[in-house]
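A quick write-up on the structure given underneath.
Computed from the coordinates by the stated procedures, all read-outs in this text should not be read as laboratory data. Here the structure is a predicted model, which means the values were calculated and not measured. Neighbour counts run over all protein chains shown; Cβ positions are idealised from the backbone, glycine included.
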Amino acid sequence: MARNQIGYFAIHKQQAMDALRDMCKRPLGNVLTVLVIALSLTLPSVLYLVAKNLVGISDQWQNPTQITLYLNKGVSETQAKELQGQIESLDSVASVKYVSPMQGLTAMRQQAGFDEAISLLNNNPLPGVLVVQPNQGWQSPEKIDILAAQLRTQGGVQEVRVDRDWIARLGAIKTVAVTLAELITIVMLTGVFLIVGNTLRLQVTSQKDEIQVMKLVGATDRFIIRPYLYTGVWYGLFGGIFALIFTYIITLLLNHSVTQLALLYHSTFHLSTLRLDESLILLMISAFLGLLAARLSVGKHLREIEPV
């Protein structure tokens with residue numbers, strides 16, 4: 001039994017290596033096929049990373065939600081401080097930060113392009129601002145709306161704005177990105193399946209005479225199809241490896257631009273790349289697609305080839 005098993009695996013190993021050597025005999029055509037497969041896998045991989053990073057940003061900034069109170073122009077700093085103390089005493093509020101008109105103007109001066117425009121102003125047009133941070137138990141949309149309505153009744157408050165609109169927009173963008181990544185992944189994986197299947201179908205057609213001879217001497221369809229199966233696996237595996245390389249290069253190039261953009265928002269955000277387990281999953285999927293495409297495409301044509 002042990003010898004039979006050793007012989008069985010030895011035959012598989014030999015046929016796998018024979019399939020690889022046969023691919024090396026036609027380097028140009030096979031390299032082009034592998035690159036097409038790699039590009040087909042790179043697009044969904046990059047879109048997956050985009051969706052993954054958007055989900056990470058959304059989860060990171062989803063909470064806490066802030067409420068911004070814009071005070072009337074006639075409210076003095078002393079009155080603003082008193083109002084800050086009143087709001088801080090509420091059980092639903094974790095903290096309140098007061099931003100004076102002068103602090104707001106200074107912050108605007110630090111923004112690129114605003115310094116020259118602000119220098120033309122005769123007086124400070126900005127109102128005082130109170131930034132209210134609700135407690136953790138008051139982060140739900142319903143309770144935020146209740147607290148915002150309560151804060152609108154405070155004297156000296158001109159406008160109340162809940163700073164969660166941009167989070168809702170980010171969530172919508174995240175949903176679109178994830179859906180787009182899923183749809184394009186399905187389309188591109190189908191493309192990989194068709195590329196491998198059509199390539200091996202043409203190979204079977206070109207080797208029709210050899211297959212007929214093998215069937216004449218008693219070779220079974222299972223024995224004949226096995227090298228083609230390994231060829232499909234090699235196509236998928238090499239395509240997946242090149243897709244990982246392309247994805248890493250694209251991520252590296254994009255990461256510099258993303259880092260520069262994040263610095264404008266005083267953030268140290270960096271694009272996350274594919275983890276080891278995600279890379280292995282990509283290789284497994286690509287190899288399995290190659291195997292499946294070879295099995296369905298070659299198996300059908302082998303049954304149609306009969307010895308004369």
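With R₀ set to 51 Å, the beta-carbon distance separating Ala219 from Phe269 gives a calculated FRET efficiency near 0.30. For the residue pairs Lys13/Lys215; Lys25/Lys208; Lys97/Lys174; Lys143/Lys174; Lys215/Lys300, alpha carbon separations beyond 20 Å are given by Lys13/Lys215; Lys97/Lys174; Lys143/Lys174.
For Gln212, neighbours were defined as the other residues whose beta-carbon sits under 14 Å from its Cβ, and their charges (Lys and Arg +1, Asp and Glu -1) total -2. Sorting 44-54, 233-243, 215-225 by average packing, meaning the other beta carbons within 10 Å per residue, from highest down gives 233-243, 44-54, 215-225. Rounded to the nearest 0.05, the FRET efficiency derived from the C-beta distance between Glu142 and Ala172 at R0 = 35 Å is 0.95.
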